[in-house]
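S.K.: If you scroll down you'll find the structure; I have some questions about it.
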Amino acid sequence: MTARRFLLAAVSLIALPQVVHAQDFVITNATVAKGDGSEPISGGVVEVRGGKVVYAGPAMGQAMETDTVIDVAGMWVTPGIFAAVTDIGLADVGGVSESNDTSANSSPFNAALDVATSINPSSQDIAVTRVGGVTRATVAPSPGKSIFAGQGALIDTGADPDAVTEARAFQLVTLGEGGARLAGGSRVASEVTLRNALREARAFADGKWGGDDAMLTRADAAALGPVVAGKQKLYIRVERASDIRTLLAMKQEFQQLDMVLVGVSEGWLVAKELAASGVPVIADPLDDLPSSFEQLAATQSNVGRMTQAGVKVAIGGIAAFDQPRNLKQYAGNLVALQKVPRAAGLSWGQALASITSIPAAISGMGGKLGVLAPGAAADVVVWDGDPLELSSAPVHVFIDGVQQPLENHQTRLRDRYKNLDESALPKAYDW
């Protein structure tokens, strides 16, 4: 079979059909970064069949037989970025409550809230995020009147109506200063609230729930059952070193908890304890100065120091909560940090892994997402330059082997006005 070769710039996405299927293709002559922490490979090849990666690495003679071979002329190929803890798809306009489903301040329910039912795959922030090279995300609610924000979902950013990869992927709890405010005014109250909720959920699962004597609603107690059984991940927002130690101690009482810490701006102070516990973290890469009393020891070396200690660290959270396309910039900052005397940054391979394979592994999708490896989902992004450089951008995006449009409301506005004829009124104002 004679392969049809396409230069990437000639691939048109304008006529992408409404219903599409995974494509079999080979990308050749690429700078391949697999997302597993290894360094990039020049002259690499990526082979995709049936929506899965078949091979990614150096050219090894005869490639997979396919009609579609894409010669990218040395451009960079990576797995799609995995945005850890974001709110994309939950709000069309953040300041308009009718279009904002990130939190439920007046609801009688908290832990039972499930964002999967409210994610809007047609939301422009999903389209904008996709154009930034982000193909997967864990979407989290924000807390309302309780430390329990609800259940988050794992989604893809594809241009199709089926965004949710896994509903009820994790439960999100806020502790520290934020949790103290929500629980009654102190850390003591927030910690007692969490412990009591876990005990009530365990009693509910064992058929020993107190009903009217319980603090939780029946729906919230049922929702927390998978958490205490270790079947649903518990994401906990926490910053201060002492609060992190408290949570690690709590894990001794609730040994089945599958705990993930989010924020952890003072994590470097307890890096050895975190590494020994095996608890992974999703850290804010921009915390370099204290913005609150629980962040007095904040430093931009936090991620690098925890990584050096053996902690599994993804970057995400508040820094990229509503703009996950900025994750590649933050990862690049950590690479540059290596050049600062006495600072701790990440190698290039580590930095890419912190926004691809590591957040995927933390979500429970290790080896399946965020990496170019045999059997992984074919979330493949081709970049016009080093993806961790601010000036680089995706020119080709696949999700599950399906070619995606690189268009959104922002790009349409750009194209509409970049060559505006100023001799007349702008288009649509011609009366």
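The values are calculated or read from the model by the stated rules, or taken from the named source; none is laboratory data. Please read all numbers here as calculations on a predicted model, not as lab measurements. Every residue, glycine as well, gets a Cβ built from its backbone with ideal geometry; the counts of neighbours run over all protein chains shown.
S.K.: From the list Gly158, Gly179, which residue is over 15 Å from Thr102 (Cα atoms) and not in a loop (DSSP other than H, G, I, E, B)? Spell out the reasoning first.
M.R.: Working: Gly158 fails: not in a loop (DSSP other than H, G, I, E, B).
Selected residue: Gly179, the only one of Gly158, Gly179 that is over 15 Å from Thr102 (Cα atoms) and not in a loop (DSSP other than H, G, I, E, B).
S.K.: Now for a separate question. For Val173, indicate whether it is under 22 Å from the mean Cα position of the chain (by Cα) and farther than 22 Å from Lys368 by Cβ.
M.R.: Values: under 22 Å from the mean Cα position of the chain (by Cα): yes; farther than 22 Å from Lys368 by Cβ: yes.
Against the criterion (under 22 Å from the mean Cα position of the chain (by Cα) and farther than 22 Å from Lys368 by Cβ), Val173 qualifies.
S.K.: May I ask you to say which residue of Glu273, Glu200 is at pLDDT below 95 and assigned to a helix (DSSP H, G or I)? Please lay out each step first, then the result.
M.R.: Numbers: Glu273 fails: at pLDDT below 95.
That would be Glu200, the only listed residue that is at pLDDT below 95 and assigned to a helix (DSSP H, G or I).
S.K.: Let me ask something else. Could you list all residues from the stretch 334-348 that are assigned to a helix (DSSP H, G or I), under 16 Å from Met306 (Cα atoms) and not hydrophobic (A, V, I, L, M, F, W, C)?
M.R.: The one that is assigned to a helix (DSSP H, G or I), under 16 Å from Met306 (Cα atoms) and not hydrophobic (A, V, I, L, M, F, W, C): Gln338.
S.K.: Restricting the first residue to the stretch 271-296 and requiring it to be over 20 Å from Thr246 (Cβ atoms), which pairs with a second residue that is of a type in the set (Ser, Thr, Tyr) and part of a helix (DSSP H, G or I) meet a Cβ separation below 7 Å and a spacing of at least six or different chains?
M.R.: If the second residue must be of a type in the set (Ser, Thr, Tyr) and part of a helix (DSSP H, G or I), the pairs left are Pro285/Tyr330; Leu286/Tyr330.
S.K.: Additional query: Is it the case that Gly43 is out of contact with any helix residue (DSSP H, G or I) (no Cβ under 7 Å at 6 or more places or on another chain), surrounded by fewer than 17 Cβ atoms within 10 Å (Cβ to Cβ), within 29 Å of Ile362 (Cβ to Cβ) and in contact (Cβ under 8 Å) with a residue 12 or more places away in the chain?
M.R.: On the way: out of contact with any helix residue (DSSP H, G or I) (no Cβ under 7 Å at 6 or more places or on another chain): yes; surrounded by fewer than 17 Cβ atoms within 10 Å (Cβ to Cβ): yes; within 29 Å of Ile362 (Cβ to Cβ): no; in contact (Cβ under 8 Å) with a residue 12 or more places away in the chain: yes.
The answer is no for Gly43.
S.K.: Moving on to the next point. Would you pick out the residues in the stretch 282-298 that are of a type in the set (Asp, Glu) and surrounded by fewer than 21 Cβ atoms within 10 Å (Cβ to Cβ)?
M.R.: So in the stretch 282-298, the residues of a type in the set (Asp, Glu) come out as 284, 287-288, 294.
Within the stretch 282-298, Asp288 is the sole residue that qualifies.
S.K.: Going through the stretch 112-138 one residue at a time, which ones are within 21 Å of the chain's Cα centre (by Cα) and among the hydrophobic types (A, V, I, L, M, F, W, C)? Talk me through it step by step, then tell me what you get.
M.R.: Step one: of the stretch 112-138, the residues within 21 Å of the chain's Cα centre (by Cα) are 113-138.
Across the stretch 112-138, the qualifying residues are Leu113, Val115, Ala116, Ile119, Ile126, Ala127, Val128, Val131, Val134, Ala137.
S.K.: Would you tally the residues in the stretch 84-100 being assigned to a loop (DSSP other than H, G, I, E, B), on the phi < 0 side of the Ramachandran plot and in contact (Cβ under 8 Å) with a residue 40 or more places away in the chain?
M.R.: Within the stretch 84-100, the subset assigned to a loop (DSSP other than H, G, I, E, B) is 87-90, 92-96.
From what's left, on the phi < 0 side of the Ramachandran plot: 87-88, 90, 92-96.
Within this subset, residues satisfying the condition of being in contact (Cβ under 8 Å) with a residue 40 or more places away in the chain are 87-88, 90, 94.
Residues that pass the stated criteria total 4.
S.K.: Report, by residue number, each residue of the stretch 301-327 that is part of a loop (DSSP other than H, G, I, E, B) and over 20 Å from the mean Cα position of the chain (by Cα). Walk me through how you get there before you give the answer.
M.R.: Initially, the stretch 301-327 is screened for residues part of a loop (DSSP other than H, G, I, E, B), giving 301, 310-312, 321-323.
Result: Ser301, Gly310.
S.K.: Please determine whether any residue of the stretch 91-107 is crowded, with 19+ Cβ neighbours inside 10 Å, outside the structural domain of Thr28 (by TED's automatic domain parsing) and farther than 25 Å from Ala183 by Cα.
M.R.: Yes; the residues of the stretch 91-107 include at least one that is crowded, with 19+ Cβ neighbours inside 10 Å, outside the structural domain of Thr28 (by TED's automatic domain parsing) and farther than 25 Å from Ala183 by Cα.
S.K.: Of all the residues that make up the stretch 114-139, how many are in a loop (DSSP other than H, G, I, E, B) and either polar (S, T, N, Q) or free of Cβ contacts under 8 Å to residues at least 40 places away in the same chain (or both)?
M.R.: Taking the stretch 114-139 first, the residues in a loop (DSSP other than H, G, I, E, B) are 119-123, 132-133.
Adding the requirement that they be either polar (S, T, N, Q) or free of Cβ contacts under 8 Å to residues at least 40 places away in the same chain (or both) leaves 120, 122-123.
Qualifying residue count for the region: 3.
S.K.: Which of the residues belonging to the stretch 93-126 are in contact with a helix residue (DSSP H, G or I) (Cβ under 7 Å, 6 or more places away or on another chain) and under 20 Å from Ala159 (Cβ atoms)? Outline the logic, then answer.
M.R.: Here is the first cut: in the stretch 93-126, the residues in contact with a helix residue (DSSP H, G or I) (Cβ under 7 Å, 6 or more places away or on another chain) are 93, 101, 109-112, 124.
Gln124 - this is the single residue of the stretch 93-126 that is in contact with a helix residue (DSSP H, G or I) (Cβ under 7 Å, 6 or more places away or on another chain) and under 20 Å from Ala159 (Cβ atoms).
S.K.: I'm checking my understanding of the structure. Among residues of the stretch 203-255 that are outside any helix (DSSP H, G or I) and of a type in the set (D, E, K, R), which one is surrounded by the most Cβ atoms within 10 Å (Cβ to Cβ)?
M.R.: Taking the stretch 203-255 and keeping what is outside any helix (DSSP H, G or I), we get 206-210, 214-217, 229-240, 254-255.
Now drop any that are not of a type in the set (D, E, K, R), which leaves 206, 208, 231, 233, 237, 239-240.
Values: Asp206: 10, Lys208: 9, Lys231: 11, Lys233: 23, Arg237: 25, Glu239: 28, Arg240: 25.
Checking each candidate, the answer is Glu239.
S.K.: Could I ask something else about it? Of the residues Ala424, Ala360, Ala393, Ala378, which single one is surrounded by 20 or more Cβ atoms within 10 Å (Cβ to Cβ) and outside the structural domain of Gln232 (by TED's automatic domain parsing)? Walk me through how you get there before you give the answer.
M.R.: Working: Ala424 fails: surrounded by 20 or more Cβ atoms within 10 Å (Cβ to Cβ); Ala360 fails: outside the structural domain of Gln232 (by TED's automatic domain parsing); Ala393 fails: surrounded by 20 or more Cβ atoms within 10 Å (Cβ to Cβ).
So the residue among Ala424, Ala360, Ala393, Ala378 that is surrounded by 20 or more Cβ atoms within 10 Å (Cβ to Cβ) and outside the structural domain of Gln232 (by TED's automatic domain parsing) is Ala378.
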